[in-house]
Every structure is written in C-alpha cells, then in structure tokens.
Amino acid sequence: MIGGLGDTIVAHATPKGVSALAVIRISGTRAWEITKEFFRKPNGSVFRFVEPRKMVYGWFFDHNMQPVDEAQITKYAKDSSPTGEELIELFCHGGYGVVERILDCFHHFGVRSARPGEFTFRGFVNGKVDLIQAQAIHDLIQTVSPLATNGFSQVLRGVLSEQISEIRQTILDIASSIEIQFDDPEEAFYEGQESWDRSEIRKTIVERIEIIRRMRADSKRMIRARDGILTVIAGRPNVGKSSLMNQLLKKDRVLVSPEPGTTRDYIEEMLRINGVMIHLVDTAGIRNTEESVEKKGIRKTREWIDRAELVIYLLDSQEPIQLEDFETLEFIRTKPHLIVLNKTDTIPYAQEQEHIRGYLRQLAPYGNILLVSALHGNGIKELEEAIISQANSLLPGETVPAVTLQQHCDLVMEIEEILWAFLSALDEEALLDCLGDLLRKAVAYLDIMTGRTYTEDLVHTLFSRFCVGK
C-alpha cells in the first residue's frame, strides 16, 4: 500500500455490473493530462480549459478516436481533492463493456489500477484525513444501519480526532511540567513548593481516563450498531429453531425437517427490525449424542452461545424441560436473553393455562416466557418487540463518535492502562523520569491512533478492507 504513491491511478468506483451510471476515478499528477486525451467535446475537439469543481459534459473517445460513450467529468485541484492530488471523477453509462473500454484507455497510457482503499490512503498521506477519519469512511460505506451512520459521519467530520487531540495535548502539558521539575529543580520550586500540583495532575488524568472509558464503551455499542447485534437461536433438537429463523427473516432460508438433529452447522443471516441490525445465527440442537458430525455442531453451538450478545432460547411446548435446557439457561442467565415457548398452537385450549403455568413455575428464575408458533407466525410480532427492547440496551442511546477498528480499540485500552499506571506511580511518588516515560508512551499510542506515526501493518489492515475506488 505504501509504495507507488507517485503513480497516477484509476479505478471503477461504483459496483460492477449493469447500472444506469458508473463512476471512474483518476488520481495523480497526470490525471487531467491523460483524461483530456480521451474526454473531449462532442465534436471531438479538445477542452482547452475545465474549471475545477464544475461538471462538464462531453464524449469519451478511445486512443483511435473512436467514440465510446457520452460522459461528464468533474475535475478537482489537489488543494480541494479528497486525495490531496489532482483528481478526476468521470461519469458514464454503467454497462460493463463501456467501463472496461474506458479503463483500457487509461491503462494504455500507463495509468495503474488502484489498490483497494488507495484513494483514501493518498488522502491520509496528504493530510486530508487521519487514520480515525479513514476508518469512518470505511464504516459509512459498510454499515446498513441508519443509527450508525450519524455516529460515523461525526467521526469523519473530525469530532473524535479533536477529542483525542485534546487528550494528547493535556498529557503533553503535564509531561512538560514534569520535565521542568526533572531538568531544573531550582526553577521548579518557589519558596520550597513544587511548581506542579500533584493533586491537580491526578484530577486531570482521572478526567481523561473517564473520557477514554466512555470511548471504549461507545466503541462496543457503535460496532454493534454497524455490524448487528450477535443474536443466537439455541435450544434442543427439533424445537423449531430453523422455523423461527425463517419467520423472523420472512423467507424460507433454512431447510426444515421433523427429524431431530438435521441442523448440524450454524447458519448466519442479517436481519433488520425497525432500523436495528441483528446478526442472526441458527445453531445445531443441544443434546447428548455420539454421532461425530452432530457433536461438532453442538460444540460450535456452545461457542456461539458464549460469544452471543443476545440469546433466544427456544423450548417445545409439547416436551418437558430437560436437563440440557436447565444447563444452558443457567449459562445464559447473566447475559441478555429471551426464553421462547414454541408450538403453542398445538396445545388444546382447555390445557393451555395450566400447561403454561407449569412452564412459568419452572422457568421463573430465568426470566419471562414468550409464546410463539414458528409454524403459523403467532407471537412473532411480540418476539420482534422483545428483541428490539433487548437490543436498545446494547446500542448507544444516541449516535456517538467512536473508534471501531480493532487495533484502535486495543490502543485505547492500552492508553487507559498506561494512565492508571501513571496514577499509581504518582501516588507512590515514583521518580520523575518514570512518570515522564509513562506519559510519553501514552502520547505515542495516541499518535499511532491518528496516524501521526504509523506502522505498515496498521495501515494495511485498515485500507486493505476498503473497496477498489475508495
């Protein structure tokens, strides 16, 4: 990713396939020089001047002056370009053949195909965005959650970067006061008193730790908003898990069979309920078995339950509660969960109330029971409402700017630990150079987050996940 920054690059920036329009981006020192060879007035004459940031209509001709397609372009000078270089955005019809012919023309003139994320990477190198804003661009492209977009747009506008910059400057100011004390003790004392106030420093660092802790909590919630809340449907075999998943998805996604143990692996789908994204997972039924493939599926089920942010535990109203049910319910009682009693349409009305009361008595320690018929759809609306209620407790109450790249989340945790170590050292009246070292380390991690300093691994991890053309 870091090499080839002097090259002029080109990429198809919209999804491949048949569409009304396609956008092709060209960036680099020769972007307009080469584009004007192909993009001309409808009569084939050359554009002598194109005003930046104004859309211009013309035709695209190939290197043999054969017309390819009518097109429009917008030219950006490097000071107003998102890449920090001369940038051309070309709009043409979205046919696959048209786009390929246009790209071939640029390749013929030595323009290189862009790597994934290279346009944004060049913007980062040229100071248009920092690494946190670059991640926000990726998040905005990838998220399907309206809730998450507001938070990511705030990050792109620089709100989170400003918070991090303030924390960095505060730490630098404290480090500077410690350096003065260390380098010139006489200058740092006045009438026998230290020029820096330990209690004030402690208060300031505690306040910054609280900001960082909120940042960590917000990150988890915004990642859920972007990727969906991991929701696992679990239960014993043949209780109706696959049927329930089909009802929630409102399509026949999973094959259903009356034979127990037919689902031997997990099935994942994304589901949106009232704008909230749910990462839904159907799992193999939990039971004691000697069948090797089914045992592997059950082991995966337990792993999914362990990872889940919300568990929907399904029971069969026709069957008594088994030991496996109580073991799983005991395991999930400390995490968000819903207990769902399925096949209630099969219970004779005369027996219904007493039957349900029996379940309620046994399951009272684990929460309320929702009644559904996954076969006929009864109770699904109430289940969806219960899912949203649980989901709201896991999502940000309001859209907030937050880091979402795992390496950034890890750095935030490291910074918090360093600042706690600094407070401990401060309380123990550690040597001044030790205090200074801890603060410098915290600043170094903050600089890696924003990209003031960066490693190739971090840059590769971030930008390689981008689509080509962004």
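Every number here is computed from the coordinates shown, using simple stated rules; none is lab data. Note that the coordinates shown come from a computational prediction; the quantities given were computed from them, not determined experimentally. Every residue, glycine among them, receives a Cβ derived from its backbone with ideal geometry; neighbour counts consider all protein chains shown.
Each of THR29, THR35 was scored by other Cβ atoms within 10 Å of its Cβ. Listed from fewest to most, they are THR29, THR35.
Exceedance of the 27 Å cut-off in Cα-Cα distance is limited, within the set LYS300/LYS381; LYS54/LYS128; LYS16/LYS296; LYS78/LYS220; LYS203/LYS441; LYS241/LYS300, to LYS300/LYS381; LYS16/LYS296; LYS78/LYS220.
If only the Cβ of Lys and Arg carry +1 and only the Cβ of Asp and Glu carry -1, the dipole of the chain around its Cα centre is close to 2320 debye.
Placing +1 on the Cβ of every Lys and Arg and -1 on the Cβ of every Asp and Glu, with nothing else charged, gives segment 9-129 a dipole about its Cα centre of roughly 240 debye. In the chain, taking the dipole from charged Cβ atoms about the Cα centre, the farthest positive-side position among SER424, ALA217, VAL99 is held by VAL99. Amide H contacts for ALA13 (H built 1.01 Å from N in the peptide plane; partners 5 or more residues away or on another chain; cut-off under 5 Å): VAL23, ILE24, ARG25. Counting neighbouring beta carbons within 10 Å and listing from fewest to most, the residues MET55, MET222 come out as MET55, MET222. In segment 109-151, which residues have a backbone nitrogen under 15 Å from the label point lying 7 Å from SER165's Cα in the Cα-to-Cβ direction? It comes to 127-134, nothing else. Let me make sure I get this right: for segment 118-180, a, b and c are the square roots of the gyration tensor eigenvalues over alpha carbons, sorted descending. Under 1.5 in a/c it's rounded, otherwise prolate if a/b > b/c, else oblate. Which is it? Since a/c reaches 1.5 but b/c is at least a/b, the shape of segment 118-180 is classed as oblate.
Ordered by the number of other Cβ atoms lying within 10 Å of each residue's own Cβ, fewest first, LEU323, LEU249, LEU244 fall into the sequence LEU323, LEU249, LEU244.
Ordering ILE273, MET413, ILE298 by the projection of their Cα atoms onto the charge dipole of the chain, which places +1 on the Cβ of Lys and Arg and -1 on the Cβ of Asp and Glu, puts ILE273 at the extreme positive end. In this rough spin-label picture, where each label sits 7 Å from Cα along the Cβ direction, the GLN154-ARG213 distance is 2.0 nm.
Based on the Stokes-Einstein relation at 37 °C and a viscosity of 0.692 mPa s, and on the Kirkwood radius from alpha carbon pairs, segment 1-60 is assigned a translational diffusion coefficient of 243 µm²/s. Take every pair of alpha-carbon atoms less than 8 Å apart whose residues are at least six positions apart; their mean separation over the length of segment 9-129 yields a relative contact order of 30 percent. Over what distance in Å are the Cα centres of segment 26-64 and segment 389-436 separated? Comparing the Cα centres of segment 26-64 and segment 389-436, I get a distance of 50 Å.
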